[in-house]
Ligand code: G3P
């Protein structure tokens, strides 16, 4: 059984929709007026449609067929997905038939008996809304009525969908589902009541209390283990830090060794260069000395020769 929200209250619709439990919204002039007697109906309806997107029943207020169809035409201009809600009166049935022939979905409302439901189905209603609460108000068991309608539907394979409407309490919701209604359109307060159960709340409270106790025990058990782990961690970190320092030492040592090696190489190279320079210098000096000696020798020979010739 699908759930619709029977409301024109935006906050309620937004909340129910956010829970992901409703497939549509049904409205009527009373629900719209309840929110604000001066409400802009078109604006409100479009806000609801934008919010929910699924089924949205909008009710006409005319009581003659022509007036109903004119209103239906206007609503369909607002949004073409509208389901036109029409009261279960003879002029309404003609309007339903016309809209059925034009493939416009209708929701026949204010149905209180199996016979009314059968007639609405024959007019071509897409939905038939059976008012449970108002039946109970006049001491007619709504559960029996909805059960009868559901049984007839099964026997005849009727196509209209049965909407259980005018739900006043969670029991109506259960009865509608058991009887075989296809949809229940639920007021917000009944939806909220239906969602809660005192034992669920008590159960959640107990789970939370037990979980808090369990956490406390776990923390107590964890404390010594945690201290050991913390100590181990500190130790590990210290060891890591030491290793890191050592690594830095080792690497800086390597760098120093490299520098020394390079310096030594430079010194050796300089020394060798100097040696070669010195050797060359020596060679040069020796050559000069030898040349001077030779020159001296030859000049003395020349002098001697000169003296002899004199
Ligand atoms: O969907 C019909 C519903 O709005 C009527 O409810 O409580 O006025 O009978 P109620």
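No lab work stands behind these numbers, since they all come straight from the coordinates. Computed from a predicted structure; not experimentally measured. Here the Cβ positions follow ideal geometry from the backbone for every residue, glycine too, while neighbour counts run over all protein chains shown.
The set of residues from the range 175-216 being in contact (Cβ under 8 Å) with a residue 24 or more places away in the chain and in a loop (DSSP other than H, G, I, E, B) comprises 180, 181, 182, 187. Take residue 84 and decide whether it is buried (at least 20 other Cβ atoms within 10 Å of the Cβ), within 16 Å of the ligand (Cβ to nearest atom), touching a residue at least 24 places away in the same chain (Cβ under 8 Å) and assigned to a helix (DSSP H, G or I). So residue 84 fails the test.
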